[in-house]
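Worksheet: the structure to be examined is printed underneath.
The values are calculated or read from the model by the stated rules, or taken from the named source; none is laboratory data. None of the values given here were measured: they were computed from a predicted structure. Here the Cβ is made from the backbone with ideal geometry for all residues, glycine too, and neighbour counts use every protein chain on show. Keep in mind that these areas ignore ligands, DNA and RNA; they rest on the heavy atoms of the full protein, side chains included. Shrake-Rupley method; radii C 1.70, N 1.55, O 1.52, S 1.80 Å.
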Amino acid sequence: MYNYFMLMGRLVKDPEVKELADGKRVMNLKLAVNRSFQNMKGEYDTDFFTIVFWDYLIEFAQENLKKGQPILVKGRLQTQKEELANGYQLAYPTLVGERIFSFSNSN
């Protein structure tokens, strides 16, 4: 069985890195991905994704990635669970990045 995604798009803003209470670092990348087909108005829509990265790719991203740069991201979907105040369980998918492939930003 497979659980993976691959997205190619442009960085919406520079990588955001946060340090958690336990000392681990986490980074969120915001990626704009253009759709390959036109909508009913004849325009191309853009989808925006937030991808979470842990530890080992953070240094690479901070040194090499900038807003507007085209990148390709490979990763997996992970289910996050949260309990609401009323006792209900909320489950939602998170995109967890495992690889980053960067391209030159010469256009």
Flag if ASP47 is part of a strand (DSSP E or B) and under 14 Å from the mean Cα position of the chain (by Cα)
yes
If GLY68 passes every condition in (1) in contact (Cβ under 8 Å) with a residue 12 or more places away in the chain; (2) in a strand (DSSP E or B) but one, which one does it miss?
(2)
Does LYS67 meet the test of being under 15 Å from the mean Cα position of the chain (by Cα), open to solvent by 40 Å² or more (accessible area, probe 1.4 Å) and basic (Lys, Arg)?
yes
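Considering LEU65, LEU90, LEU84, LEU72, which residue is closer than 14 Å to THR50 by Cα and in contact with a strand residue (DSSP E or B) (Cβ under 9 Å, 6 or more places away or on another chain)? Reasoning before the result, please.
Numbers: LEU65 fails: closer than 14 Å to THR50 by Cα; LEU90 fails: closer than 14 Å to THR50 by Cα; LEU84 fails: closer than 14 Å to THR50 by Cα.
Just one listed residue meets the conditions, LEU72.
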For region 17-41, pairs from a residue that is under 24 Å from LYS67 (Cα atoms) and open to solvent by 40 Å² or more (accessible area, probe 1.4 Å) to a residue that is modelled with pLDDT under 90 and among the polar types (S, T, N, Q), with Cβ under 7 Å and 6 or more apart or across chains, are VAL17/GLN62
